[in-house]
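We did not get these values from a lab; they are worked out from the coordinates using the rules stated. These figures come from a predicted structure and were not determined experimentally. No Cβ is skipped: glycine too gets one built from the backbone with ideal geometry, and neighbour counts run over all protein chains shown.
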Amino acid sequence: MSSPKPYHVYVAGPMRYHKEFNFPKFVSATAQLRAKGWVVFNPAERDLETGFNPSGLEGTDEELDELNFCLRSALGADTKWICEEADAIYLLPGWERSSGAIAERALAEALGLDIIEEEPIECFVSTKATILDYLIS
């Protein structure tokens, strides 16, 4: 008997207008999801693999233009993976202010995929929990 197919999750969230295009948050969320045994598509990892380096960047459209970053190609790869592989989309805090994440969520919804929203860490800080408590929960 074969083992069940692992759960495939796409990470979506704001990138533009965030320091280092929010890559640290994408990396952190991906590590947490992989620790659950899930297969994760992280668009930040894909960008890193193609040579994009967000270090020291502020996340502006001008920076993307200067680096000849093709948003059309990136979103094409992202939506292809969602359509062909994903069981779910994992939404990082602030997704609702990102045109890309809004589109990715709408696609996931249209396909009947699971929608998982990460809770903003601020709600845990107010209960005096530490970031470590949050990460291991």
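Here are the numbers for the structure shown:
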read-out	value
Label-to-label distance, nm, for residues given as Glu117 and Tyr17 (7 Å Cα→Cβ offset)	1.9
Burial ordering of Tyr17, Tyr90, fewest other beta-carbon atoms within 10 Å first	Tyr17, Tyr90
Contact order normalised by residue count of the chain, Cα under 8 Å, 6+ apart, percent	29
Magnitude of the charge dipole, the chain, Cβ model with Lys/Arg +1 and Asp/Glu -1, debye to 20	400
Whichever aspartates and glutamates have a C-alpha closer than 12 Å to that of Lys19, once near sequence neighbours (fewer than 8 apart) are set aside	Glu58, Glu63
Counted charge near Tyr17, where neighbours are those whose Cβ lies closer than 10 Å (Asp, Glu -1; Lys, Arg +1)	+1
Around Gly59: net Lys/Arg minus Asp/Glu count, Cβ-Cβ under 14 Å	-4
Karplus-derived 3J(HN,Hα), 6.51/-1.76/1.60, for each residue of segment 90-102, Hz, glycine and proline x	10, 9, 7, x, x, 4, 6, 10, 10, 4, x, 5, 4
Ranked Ser98, Ser55, criterion: other C-beta atoms within 10 Å, fewest first	Ser55, Ser98
Shape call, segment 64-118: gyration tensor on alpha carbons, a/c limit 1.5	oblate
Exposure proxy order (Cβ contacts within 10 Å, fewest to most) of Val11, Val27, Val40	Val27, Val40, Val11
Shape box of segment 8-136 [Cα atoms, principal axes, largest first, Å]	43, 35, 25
